[in-house]
Structures are given as C-alpha cells and as structure tokens.
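Worksheet: one structure, shown below.
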Amino acid sequence: MISRKDFLKQSALMAAGLMTPLGAGAKLLTPAKPNVTILYTNDTHARLDPFPDNAVEFAGLGGIARRASLVKKIRSESRHVLLLDAGDVFQGTPWFDVYGGEVDLKLMSEMGYDAMAVGNHEFDRGPDGFAEAAQKARFPILAANYDASGTPMNEYLQRLIVKEFEGFRIGIFGLGIEFNGVVSPDLHGGVRHRDPIAWATGMTNSLRQYHKCDFIICLSHLGFQYGSGRMDDMTLAEKVAGIDLIIGGHTHTFLDYPVGVVNPDGDVTQITQMGHGGVRLGRIDLSFNERNQKYALSDRYYTIGEGTE
C-alpha cells in the first residue's frame, strides 16, 4: 500500500477555496474525519484470477477475490464507502471468452459496486451481448453521452445517480469514448455517441442545481491524455466547470496520485486512474467540514497481492 495524505498542493487548495493564505488572523480549515471513502478500479479486463507467477509484468498480483477481501476490510473500518469502476470490465481472459462478462458483473455485484461506466470493450459482443451480461449487474451502469434508445442496451444504461451520506450528496455520471476507430459499427449497432463536453456540462448542472449535490464524480472512459486533439480527461477537466473528481479509464494509466486541473470556474478538478488488470485499488477519502461547507481530500492506492490478502 502506498499512501499520500493531503496530496493537494497549497496552490490547488487555494484555487478550490479550501485554504486561506497565511497572514494575520488566518486559520486553516480543520476538516472532520473522512465521512466518505471512494474506492475505484478501471480496465480490469476480465482478470478475475491473479496474474500468473511467470507473467512478464505484475506476476502474482491482482485477483478479484483479494480485491473483495480488501474492500470488505475497508468497509469494516470506514462508515461510508463508495465502490466505483470506470469501464472495460469485459475482454482480456478466457473468463470473458466463455462467459461474456456475466461472471465479472455477478462478482462485482456481490462485492457491492455502486456504479460503473461503459468502456469500449463492453461492446465486444454487441448490444445484445452486453444486455445479456448486464442482467447480472445489481448496480447502475452509467453512460450519459450514449444514446442507446431502440437497442437492447437501453434498459441497462443510466445517465447519473445520486448517493447521500448523512446529508452529503454525491452525484455520479458516466462518459463513454467516441466509437470512431475504437468500436466498429457492427458492434455498437444503433448506439449513438454524443458530445462528451455538452453532456458533461448538462449532467454537472443537473446534479448541482436540481439534485443539490455537494460533490460530483465523473466516471470517464475517455482516456487520460492524448495530446492530439482527441477528447480526454485533461481536456474535459479544462472545459467543464463543476466536476470535482474524474475517475478515468481506457489508457491504462497508472497514476500514483491524482492530477489537478483548473476548470473554467477557477476551481480544481482532480483526475485519477488505476492502470489495468485489477492490479490496483484506488482510494480517496473525503473530509467534510459542516461549518464551512468545504471538503478536503486525501488519497492512496493498494497494490492487490502486496500485503492485501
């Protein structure tokens, strides 16, 4: 386990309004104990078993049973826990070849996942195959910018959800990647991709204004950063106000700590991603100060198989 408490730098904290510049009479906020723990994965790719001992990378690491044990332990220690995934649960091992994602979603349900985003590999068996597997999911599958109306996927997709913890409301929505060059037309069928900036803006406004959310999470399968004009999490954070945390996927990026980006409101949006294969479980703790109505974050991640059994 690697821990980085208080990872926000002073400049980012000041931009987010969480820290007062030191001076005469200035005081730092003293948040309460963490009241919400956010656990997250991405791009697990049907890696239900640990990587084999002779694997070139990650030998002996991962495994969904170990992850479940760790999640159970954290839940026993933390009062409020969210468990989220940023997509690409499907494809990568014989588990998917034989069972088409059903086993993954069933085990994730038993583990108590609260939501997942739709990744591009969720289309590997087409809308019909996705719908067949999604019957095993007892948690919401989020994709705000996919229009699946008229397809078998439609009844299994939601745009957003709200989770409330002692009056503290967290809004969560999902974004999927553009199909062109990633998902062939015969696999995404009649599902239509829509502009992620427009839909992220709409979801954020709805969660803030209508649902009265205090904290907003985007489960994104856009990818961390491309530098080629292609939509990614860094661009999303720069262009959309109001998102507090982007939990990303697709690019298999191992971020040891979140990256802060100043959004159009001058606040900081944090971006994080936990690589692939279920090797890591990410964790972010939210501390909320009732008097000041502000939050603070601390982060860490666990390497599954290194002291996590």
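How many Lys pairs in the chain lie less than 21 angstrom apart by Cα atoms, where the lysines are 8 or more positions apart or on different chains? Lysine pairs meeting the criterion: 20. Peptides 46-53, 138-145, 111-118 ordered by packing proxy, namely the average of other Cβ atoms within 10 Å per residue, highest first: 111-118, 138-145, 46-53. DSSP assigns beta bridges within segment 32-303; of those with both partners inside it, close to 55 percent run antiparallel. Site pair residue 59 and residue 254 shows an inter-label distance of 1.5 nm when each label is modelled 7 Å from Cα along Cα→Cβ. For segment 147-196, the percent of C-alpha pairs falling in each 10 Å distance bin, counted from 0 to the bin holding the largest distance, reads 21, 42, 22, 12, 2. Sequence-ordered 3J(HN,Hα) estimates for segment 200-214 from the Karplus curve with 6.51, -1.76 and 1.60 and θ = phi - 60° stand at 5, 5, x, 5, 5, 4, 5, 5, 6, 8, 8, 8, 6, 7, 8 Hz, glycine and proline given as x.
May I ask for the Rg/Rh ratio of segment 127-269, computed from Cα atoms with Rh as the Kirkwood radius, given to two decimals? Rg divided by Rh gives 0.97. Ordered by the count of other Cβ atoms within 10 Å of each Cβ, fewest first, 226, 146 give 226, 146.
Remark on residue 169: its backbone amide H falls under 5 Å from those of 214, 215, a criterion applied only to residues 5 or more positions apart or on other chains, H modelled at 1.01 Å from N. Across segment 56-72, computed HN-Hα scalar couplings (Karplus, 6.51 cos²θ - 1.76 cosθ + 1.60, θ = phi - 60°) run 5, 10, 6, 3, x, 9, x, x, 6, 5, 5, 4, 4, 5, 5, 4, 4 Hz from first to last residue, x flagging Gly and Pro.
How many percent of the alpha carbon pairs in the chain exceed a separation of 34 Å? Each step should come with its number before you reach the end.
Working: 8734 of 47586 pairs.
When all Cα pairs of the chain are counted, 18 percent exceed 34 Å.
Report note on the peptides 238-248, 198-208: ranked by the mean count of other C-beta atoms within 10 Å, highest first, their order is 238-248, 198-208.
Each value in this text was obtained by applying a stated rule to the coordinates, not by laboratory testing. The model shown is predicted, which means the values in this text are computed figures rather than measured ones. Glycine also receives a Cβ, built like all others from the backbone with ideal geometry; neighbour counts cover every protein chain displayed.
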